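Take a look at the structure set out below.
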Amino acid sequence: MTGAPTSPVVFADFVAGDRAVLTRVAVRLQTEGVELSLPDEQMLIWPWADVRAEPDQADTETLVISRSGDRLSRLYLRDKTLQSQLRARAPRLGKRDRVITFPKLMAWAGGAVVSVAAIIFVLVPMMAAQLAVMLPPEGEKALGDTTFEQIRMALDETGLVGTPICDAPAGTAAMQAMYDKLNPASDLPYDVQIHILDHDMVNAFALPGGRVVFFRGLIEQAENAEEIAAVLAHEIGHVVNRDPTRDALRSAGSLGVLGLLFGDFAGGTIALFLANQLINASYSQSAEAAADVYAHELLDKAGVSPAALGTMFERLLAEHGDAEGIVAHFMSHPQMGKRIAAAQDAVVEGRSYGAVLEPEAWRSLQTVCQNGAAVQPDTNLPDKKAWPDGD
Amino acid sequence: MPLTDLNIMYSGRKGPMLGLALRTGLLTILTLGFYRFWAKTRLRRYYWSAIRPGGIPLEYVGDPLEKLLGFLVAVVFMAFYIGVVNLILMYISFAWLQGNVAAYLLSLAGLAPIIFFAQYRARRYILARTRWRGIRFGLEPGAWGYAWRAMVHWGLAIATLGLAWPLTTLWLEKYKTNHTYFGNQQFVQGGRRGMLFGSMKHVYYPLVLSAVAGGMAAAFDNPAWLAAFLLTVPWGIYGLAYWRADSFKRLTEAKELGDMRFRTTPRPWTIIGIYALGWFLIYLVFTGLVLVATGLVLAAVGGGGGSFDLENPDQIEAMMAAGAPIMILIYFAIFLSYRAMTHAWITLPITAHFAEVTRIVNADDLHQITQRDRDEFAEAEGFAEALDVGAAI
């Protein structure tokens, strides 16, 4: 043997990766690298820069060594002294060989983004628009029933019973009278069902199958019945144009894709998401404009000034400078001013418009949520002094 | 030098696994899920290298970037399927069936072949990236063949309310094993059709007993029947552990790799013990955390002075708003620590038990097994990842 060995010889198990056989090799650390002497007198030198250690190994007694560029060969080193010497001398033990090239990864990442975008923004909306028109009225109704219950559950803070429906008989009758006066029946394959939910939100929305939902907050904010009629006419416009149905179908498709991306594939959160999506339904600007145009005509036919739609938005905007509820929804539309103007333009010159409800009926509508609650004083509140001899 | 028998040694330890799972889990959360490909790879490296047949560790050589790429590939295809199929199923269910449950069941049925397909492909990827003694394992292509067989066999199991599950297990295991290779040597799964029914006996007995005892308890007012009925619950639990141990034993001992055979003796009570201890430890940790958290909240509320009034809804709302980020943090902390503890205290000891009781016998011809070609497989386990049906680790 020539040349002074830089370390003593240690024996270790070695696999070359051609047959499932273990080879005993003599290992020696040389100046240029790790030297392996195979039993058949063959000599391998693994240069220091190429020596790698396999990471995350459970067995702390053994160091598994490989050589960069050689995917198969492994050296199982158990000698502690040699292990520490080798760790000290090999500069790139922890470096990994890259199997995937960066451009390839980027190409597929781009492909994934394009494909998801095309499906969410082009394919699914197109199919939803097509299918919404084809869906039979009973199907739409079933869809509306399901989503209505989901929304009631989602809005209730306890999540157990669902937001209460306001159904004081006089108020409900007033709402029905308003609907009858607008009389859109000829445009619809089904009757519109109007619900008022006992919730502070200043909002109203339409659901598939002809359900229109008002929140108490909106009715309380309105100054007169005509403004409510205007909102109702607008929502009926969405129903007539099948906007809610299209939106529900579209959400079903695109939420599935989003769930796929974020890993929550079969999660129940999707249902909640769907409900949420419908409440904050943001239809396209053209859909909003179409519903506005429909509302103008309906109001005009019913002898109610179409300008009411504009004043409703205008006043809400002025009163609530902060972004919440319906205001936020409409403020997100850059053409808000245009829509208010359009409502005023829809007023036919020289036509005299009247009230949509008698004053008495309008009062009943505004108190539709006080069924029972207003009659008996709430004895639970401490500051009410329910007991005359209390102090 | 004849090898004859090779014992399987196990060198995984709970502490390092807990640390690794916590670290990789934390990184996964911090990177919004992006690191999960790296996390999975690292956990697998640890689990694989812990198993050492004849002293030489298995090696997992899967690459995180390759998994990321596979996921992207799967997204390109799956986005179309999920988006369009979901939409059409929703349409059909409301147009014809007027109900949501139908859509859900239909979409599950529509997904079933894809799920089985994805599981087989994931298995192929994992085996292709597993080595022992420098030799690659491999699984022959055949995912669609597996998917339709799995549909049929699962259908049978569901139709018999799970009673035919042993048959389903055996058939699917045969398909998978008979497509598996170590180097150039093919695995063979032996065993006759009825082989696994015996492993299920401690599930069948308590089922029958509970039916009889339940019926009798309902009909007659005798507490003895009620006691017998309650007794079937622990018996059923033992039955599940027995099934796990005994079906593994019967399947493993009927596997062949050339002249090599396998012997194994897993113990149902050890399995029950591991689960009981693991869950007890997890329960202890969470109870401790809840106590600490309650203490902190009480201290914070008390420290706020007399200004805090539980009766005041505005204050509660304000507190909830301030607490929202903390709640999200707690949610992630629970999720992360639960995952890590399950790895360290359940998955790892279970793997250790099954490994340590298993032996390779008649291994004299091991050295004749030669290398197989690398299975490039660009899609990796992307479909399983996208569908979230991959292996637990």
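For the residues B:104, B:175, the requirement of being modelled with pLDDT under 80, outside the structural domain of residue B:199 (by TED's automatic domain parsing) and hydroxyl-bearing (Ser, Thr, Tyr) singles out B:104.
Among the residues of the range A:57-73, the ones that are under 26 Å from residue B:21 (Cα atoms) and either surrounded by fewer than 15 Cβ atoms within 10 Å (Cβ to Cβ) or of a type in the set (Lys, Arg) (or both) come to 2 in all. The number of residues in the range B:370-387 that are more than 13 Å from residue B:124 (Cβ to Cβ) and crowded, with 22+ Cβ neighbours inside 10 Å comes to 3. Residue A:172 meets each of the listed conditions (1) closer than 26 Å to residue A:187 by Cβ; (2) without any contact (Cβ under 8 Å) to a residue 24 or more places away in the chain; (3) β-branched (Val, Ile, Thr) apart from (2).
Residue A:31 falls short on exactly one of the conditions (1) of a type outside the set (Asp, Glu); (2) more than 9 Å from every other protein chain (Cβ to nearest Cβ); (3) in a loop (DSSP other than H, G, I, E, B); (4) surrounded by 17 or more Cβ atoms within 10 Å (Cβ to Cβ), and that condition is (4).
Okay, residues lined up against (1) in a helix (DSSP H, G or I); (2) touching a residue at least 40 places away in the same chain (Cβ under 8 Å):
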position: B:116; (1), (2): yes, no
position: B:119; (1), (2): yes, yes
position: B:123; (1), (2): yes, yes
position: B:126; (1), (2): yes, yes
position: B:137; (1), (2): no, yes
position: B:141; (1), (2): no, no
position: B:146; (1), (2): yes, no
position: B:150; (1), (2): yes, no
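Checked against (1) more than 8 Å from chain A (Cβ to nearest Cβ); (2) buried (at least 21 other Cβ atoms within 10 Å of the Cβ); (3) of a type outside the set (D, E, K, R), residue B:15 passes all but a single condition, namely (2). Just one of the listed residues (A:131, A:86) is within 9 Å of chain B (Cβ to nearest Cβ) and either surrounded by 13 or more Cβ atoms within 10 Å (Cβ to Cβ) or part of a loop (DSSP other than H, G, I, E, B) (or both), and it is A:131. Among residues of the range B:211-222 that are farther than 17 Å from residue B:235 by Cβ, none has a beta-carbon under 6 Å from a residue that is among the small types (Gly, Ala, Ser) and surrounded by 11 or more Cβ atoms within 10 Å (Cβ to Cβ) at least six positions away or on a different chain.
Within the range B:340-381, the set of residues being in a loop (DSSP other than H, G, I, E, B) and within 12 Å of chain A (Cβ to nearest Cβ) comprises B:363, B:369, B:371, B:372, B:373, B:374, B:376, B:377, B:378, B:379, B:380.
This table checks each residue for (1) crowded, with 21+ Cβ neighbours inside 10 Å; (2) closer than 30 Å to residue A:131 by Cβ; (3) more than 12 Å from chain A (Cβ to nearest Cβ); (4) among the polar types (S, T, N, Q).
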| site | (1), (2), (3), (4) |
| --- | --- |
| B:63 | no, no, no, no |
| B:81 | no, yes, no, no |
| B:86 | yes, yes, no, yes |
| B:91 | yes, yes, no, no |
| B:109 | no, yes, yes, no |
| B:118 | yes, yes, no, no |
| B:125 | yes, no, yes, no |
| B:154 | no, no, yes, no |
| B:159 | no, no, yes, no |
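Quick one: how many residues across the range A:102-122 are at the interface with another protein chain (Cβ under 8 Å from one of its Cβ atoms), free of Cβ contacts under 8 Å to residues at least 60 places away in the same chain and within 24 Å of the chain's Cα centre (by Cα)?
So the count comes out to 4.
Scanning the range B:305-314 turns up no residue that is touching a Leu at 6+ places or on another chain (Cβ under 9 Å), modelled with pLDDT under 90 and either among the hydrophobic types (A, V, I, L, M, F, W, C) or closer than 29 Å to residue B:55 by Cβ (or both). Is it true that residue B:33 is part of a loop (DSSP other than H, G, I, E, B), within 27 Å of residue B:118 (Cα to Cα) and facing another protein chain (nearest Cβ under 8 Å)? In short, yes.
Residues checked against (1) without any contact (Cβ under 8 Å) to a residue 24 or more places away in the chain; (2) crowded, with 19+ Cβ neighbours inside 10 Å; (3) within 14 Å of chain B (Cβ to nearest Cβ):
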| position | (1), (2), (3) |
| --- | --- |
| A:10 | no, no, no |
| A:15 | no, yes, yes |
| A:18 | no, no, yes |
| A:35 | yes, yes, no |
| A:55 | no, no, yes |
| A:75 | no, yes, yes |
| A:78 | no, no, yes |
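The values are calculated or read from the model by the stated rules, or taken from the named source; none is laboratory data. Quick caveat: nothing in here was measured; it's all calculated off a predicted structure. All Cβ positions, glycine included, derive from the backbone under ideal geometry; neighbour counts span all protein chains shown.
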